[in-house]
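The values are calculated or read from the model by the stated rules, or taken from the named source; none is laboratory data. It should be emphasised that the depicted structure is a prediction, and the values quoted were computed from it without experimental measurement. Cβ placement follows ideal geometry from the backbone for every residue including glycine, while neighbour counts extend to all protein chains displayed. With ligands, DNA and RNA removed, areas are computed over all heavy atoms of the protein, side chains included. Shrake-Rupley method; radii C 1.70, N 1.55, O 1.52, S 1.80 Å.
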Amino acid sequence: MTGSLLAVDLVNLAGTRWTVDAAQKTLREHQIRRAALTVSSSGQLRDWAVRLRSAFEDVDIDTRCRAINGLLEAGTARAYLTTHDQLRPHLHFASDDDDVVARVKAVTAGGLAIFAVESDGGRLGVCARIGCGTAFLDTSRNGLRSYCSARCGNNDAVQRHRKAAPKAEV
Ligand SMILES: [Zn+2]
Ligand SMILES: [Zn+2]
């Protein structure tokens, strides 16, 4: 899950309050090693995060697979199994000595591809409340999540009700 969770956080950070510090903090929260960023590498990662959003858009499965294939093509060098730090075998998609931008591109593209395999191409989404746009991974049991949070779901229900109310009074 590491790569796909990091991808969501970067997409949402790029959509709101991206700074070098905030990006660095996000990388560290997701156990990215040697996560120090410069203004330039932070800018490259922000461009990448904007691109990652394509995996979350509300599209059919084939379009989503093409979007993720584009990310794999641009972001990964090779795939291999590793057991570093006594972890269970997992896939890496960039060399360990690549710079932080290359490693983050690889782990997010690869992570989203693995997630898409396990979710049959679904369970990636953008909040349905107009004006929100927050991306999410749907890990709910039924996989029918439409909002980023309960709050957005409630606000949307209230707005729909207000819109519908005048008609009811006619
Ligand atoms: Zn690893
Ligand atoms: Zn939302």
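Brief remarks follow.
- The residue that is nearest to PHE136 (Cα to Cα), among those in segment 10-29 that are surrounded by 18 or more Cβ atoms within 10 Å (Cβ to Cβ) and without any contact (Cβ under 8 Å) to a residue 24 or more places away in the chain, is THR26.
- Test: residue in segment 11-20 that is more than 11 Å from the chain's Cα centre (by Cα), of a type in the set (Val, Ile, Thr) and at pLDDT 95 or above: yes
- Leading residue by the ranking (least open to solvent (accessible area, probe 1.4 Å)) among those in segment 81-98 that are over 14 Å from THR2 (Cα atoms) and part of a loop (DSSP other than H, G, I, E, B): ALA94
- Filtered residue count, segment 99-118, keeping only those that are in contact with a strand residue (DSSP E or B) (Cβ under 8 Å, 6 or more places away or on another chain) and more than 13 Å from THR2 (Cα to Cα): 1
- Unmet criterion (only one of (1) assigned to a loop (DSSP other than H, G, I, E, B); (2) touching a Phe, Trp or Tyr at 6+ places or on another chain (Cβ under 6 Å)) for GLY110: (1)
- Of the residues making up segment 99-127, those that are within 18 Å of ASP60 (Cα to Cα) and open to solvent by less than 50 Å² (accessible area, probe 1.4 Å) are LEU112, ALA113, PHE115, ALA116, SER119, GLY121, GLY122, LEU124, GLY125, VAL126, CYS127.
- Applying the condition of being part of a loop (DSSP other than H, G, I, E, B) and aliphatic (A, V, I, L, M) to segment 31-70 and asking which residue is modelled with the lowest pLDDT yields VAL59.
- Contact map, segment 147-158: first residue part of a helix (DSSP H, G or I), second residue near ligand 2 (Cβ under 7 Å from one of its atoms) and open to solvent by less than 70 Å² (accessible area, probe 1.4 Å), Cβ cut-off under 6 Å, separation 6 or more or different chains; pairs are CYS152/CYS127; CYS152/ARG129; CYS152/CYS132; GLY153/TYR147; ASP156/ARG129.
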